[in-house]
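Each value in this text was obtained by applying a stated rule to the coordinates, not by laboratory testing. What you are looking at is a predicted structure, and each value in this text was computed from that prediction instead of being measured. Neighbour counts are summed over all protein chains in view; Cβ atoms, including those assigned to glycine, are modelled from backbone coordinates with ideal geometry.
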Amino acid sequence: MAKNVRFGEYLQAVTVDTASVAYGKLLPKPQFDAEGREIPQKITKLRMSGADIVNLLQPYLSVRFMEQVRAVVPLAIFLAIFQWLVLQRTVADATLIGAGLLAVMIGLMIFMEGLKLGLMPFGDIIGSNLPRKLPLPDVLTFVLLLGIGATYAEPAIGTLQVAGSIVDPEKAP
């Protein structure tokens, strides 16, 4: 019989390649005394070298980082070409801008991971349970209020206004 799978569960299952290891397999085998009682054993911490940590994190982080590269680099290239062709100015402080773009990609990677681990499961739970608990008009009212609240909570516009007020138009590239 076919099982219905939510799209979010499908995406989570196919986007990260994981292997589960039972905790019991990491522990030593229990030892027993002559009377059949288990002998307590001191459990040592799992020790990992720097190379082990890199090998563990590299596949995961490279996928997440490349998502941000695909989002940021085309925009940066477009802006550089626009500045070069339309404004007929070279990119000043290209090294600093490149370092800033790298920081943006790393920051977006961490931010998106926080959204996926913290906010998205919360939204999935509300989205799957709310229609079961409330009638349709109440759900639509809640969604409307949530959308209005999210619009006012969006800090990007306010942040851009503050950042824009710092820039001196005479010194802008």
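Highest mobility in the GNM of the chain, judged by mean-square fluctuation with C-alpha springs under 10 Å and restricted to K29, K133, K116, is found for K29. How far is helix 94-114 tilted off the main Cα axis of the chain, in degrees rounded to 10, range 0 to 90? Taking Cα atoms only, the helix is inclined about 40 degrees. Within the same chain, aspartates and glutamates fewer than 8 places from K116 are excluded, and of the rest, those with a Cα less than 20 Å from its Cα are E9, D17, E67, D124, E154. The alpha-carbon of K25 sits under 24 angstrom from the alpha-carbons of these lysines, leaving out residues fewer than 8 places away in its chain: K42, K45. Spacing of the modelled spin labels on I77 and A99, each 7 Å from Cα toward Cβ, amounts to 2.5 nm. Largest GNM mean-square fluctuation among F65, F82, F111, using the chain with Cα springs under 10 Å: F82. For the chain, the longest principal axis of the alpha carbon atoms and the long axis of helix 156-166 meet at an angle near 50°.
Answer rounded, prolate or oblate for the range 48-162, using the Cα gyration tensor with square roots of eigenvalues a ≥ b ≥ c: rounded when a/c is under 1.5, else prolate when a/b is larger than b/c, else oblate. In terms of gyration-tensor shape, oblate. Full extension of the chain between F142 and E35 gives 32.2 nm of extra length, using 0.36 nm per residue less the Cα-Cα distance. Simple spin-label estimate for E113 and S128 gives 2.5 nm between the two label positions (7 Å along the Cα-to-Cβ direction from each Cα).
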